[in-house]
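All remarks here apply to the structure that follows.
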Amino acid sequence: MFLFSGITFAQTSKVNKPSATIEYSTFSDNSNHWYSIADKHNMINALPAKPRYKPSEISKIADNLLLFQKDNGGWPKNYDFFAILSPQQANIVKEGKRQTNTTFDNGSTYTQIAALASAYYTTKSEKYKAGCIKGLNFILKSQYSNGGWPQYYPLEKNNYSSHITFNDGAMLGIMQLLKDILDGNPPYDFIDSNLNRKLQSAYNKGLDCILKTQIIDNGQLTAWCQQYDEVTLQPAWARKFEPPCICNKESSELVLFLMSIEQPDKATIEAIQHAVTWFDASIIHNTRVKTIEAPKTQTPYKVSVSDRVVVIDSTARPIWARFYELKTHRPMFCNRDNKVVYSLAEVARERRDGYGWYNYEPQKVLKKYPEWQKKWAKDLNVLKK
């Protein structure tokens, strides 16, 4: 059995060829939002107790994906693509083909492309191949000349969604898809040499953009921000509680991606080495985040029934803040009013309970580093004291 972009393939004993399932987890960000938020801007909203297709129902899931694919080749976000739609719902979605609310946010577009490739690999139905290629051309069209990708395309004016976006895996999801294709993963055998060359060029530009946006702070390479101005390539504001800063969660995902590259060049090796140095330097010790019960409170954004507090614990494993202030490198937090604070206690209850202010993601990098270093950077172990 092997895993490909969230699609699980298993060898069948009778016919000795792959059969596949498309797993719910691949689209969890989309489906979770659809079921938890009844958005008046959605084409359709979830019906009560509506059943879902099973992961093994490849063609039915893929038909849903094609139904939701827009004329420009991309997909909207925050729908359950496994939902068994009513005839009325299906008709509404079909009538919305010309809408251009297409995005890479919440795992959109690149996950649908991977799933359609899986469906074509399994069924050999040409419509899934066509949908996949249409999606790849959307990715090519939406890339900036500097190699980055926005959160939405077509671009939304005067909106942070035009920024180059690492948050929630947007650009990295695209890059991983392109890497899977260029590495020769079986579901993409149908891609011809002309398209493959274009995808290779897009990948190369994307990798160059990742390296160029690594933050130089106090004269040293550190890690990355969640989003960047698409012109200046400088860290930029996104949502009002997401300031320009060094963001360890997204940076960890980027470094793990860079570590997966075979035969990395000198620039990639140096980027990883500096990021690992940063993760080691930014560890927070003796600290644990505890979730506690709290009175139910209703806000315009969510219903909160818990709270989070930081406690001192000498037995706690290393932890990292999500945000570190530029220049000072202090752990920082932010409210919906754009005001930066320096402790979780100063964050409003709704954001304190509703956002991941601390994380353990850099530990994955530090754990992987010794093996990577021995293979690609034998002369310098930056963790050796």
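The values are calculated or read from the model by the stated rules, or taken from the named source; none is laboratory data. All figures in this text were calculated on a predicted structure; none of them were measured in a lab. Note: ideal-geometry Cβ built from the backbone for every residue, glycine included; neighbour counts use all protein chains shown. Accessible surface is based on the protein model in full, side chains and every heavy atom, while ligands, DNA and RNA are left aside. Shrake-Rupley method; radii C 1.70, N 1.55, O 1.52, S 1.80 Å.
Computed values, structure above
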| item | result |
| --- | --- |
| Residue check for W372: in contact with a Lys or Arg (Cβ under 6 Å, 6 or more places away or on another chain), crowded, with 17+ Cβ neighbours inside 10 Å and among the hydrophobic types (A, V, I, L, M, F, W, C) | no |
| Of all residues making up region 303-318, the number that are of a type in the set (D, E, K, R), open to solvent by less than 90 Å² (accessible area, probe 1.4 Å) and not in a strand (DSSP E or B) | 1 |
| Qualifying helices (runs of 4 or more DSSP H) (wholly inside region 167-283; at least 3 residues being within 25 Å of K129 (Cβ to Cβ)) | 170-182, 193-212 |
| Residues satisfying the stated conditions in region 18-46, i.e. part of a loop (DSSP other than H, G, I, E, B), surrounded by 13 or more Cβ atoms within 10 Å (Cβ to Cβ) and aliphatic (A, V, I, L, M) | I37, M43, I44, A46 |
| Residue match in region 286-302 (condition: open to solvent by 50 Å² or more (accessible area, probe 1.4 Å) and under 26 Å from L383 (Cβ atoms)) | yes |
| Scope region 265-285; condition of a type outside the set (S, T, N, Q), under 21 Å from F166 (Cα atoms) and open to solvent by less than 70 Å² (accessible area, probe 1.4 Å); matching residues | A267, I269, A271, I272, H274, A275, V276, W278, F279 |
| Test: N248 is on the phi > 0 side of the Ramachandran plot and of a type in the set (S, T, N, Q) | no |
| Selected residue (criterion: nearest to T232 (Cα to Cα)) from residues of region 147-170 that are open to solvent by 40 Å² or more (accessible area, probe 1.4 Å) and not acidic (D, E) | Y160 |
| Scan of region 173-221 for residues that are of a type in the set (G, A, S) and open to solvent by less than 40 Å² (accessible area, probe 1.4 Å), ordered by number | G173, A202, G206 |
| Residue check for K77: touching an Asp or Glu at 6+ places or on another chain (Cβ under 7 Å), part of a loop (DSSP other than H, G, I, E, B), closer than 26 Å to N32 by Cβ and not aliphatic (A, V, I, L, M) | yes |
| Region 148-182: number of residues that are over 17 Å from the mean Cα position of the chain (by Cα), within 24 Å of Q226 (Cβ to Cβ) and at pLDDT 95 or above | 2 |
| The lone exception for A10 - which of (1) modelled with pLDDT under 95; (2) more than 22 Å from the chain's Cα centre (by Cα); (3) not in a strand (DSSP E or B) it fails | (3) |
| Search result, residues across region 339-369 that are at pLDDT 95 or above, of a type outside the set (K, R) and either open to solvent by 60 Å² or more (accessible area, probe 1.4 Å) or part of a helix (DSSP H, G or I) (or both) | Y342, L344, A345, E346, Y360, E361, P362, Q363, V365, L366, Y369 |
| Residues within region 72-96 that are open to solvent by 10 Å² or more (accessible area, probe 1.4 Å), touching a helix residue (DSSP H, G or I) at 6+ places or on another chain (Cβ under 9 Å) and free of Cβ contacts under 8 Å to residues at least 60 places away in the same chain, tallied | 6 |
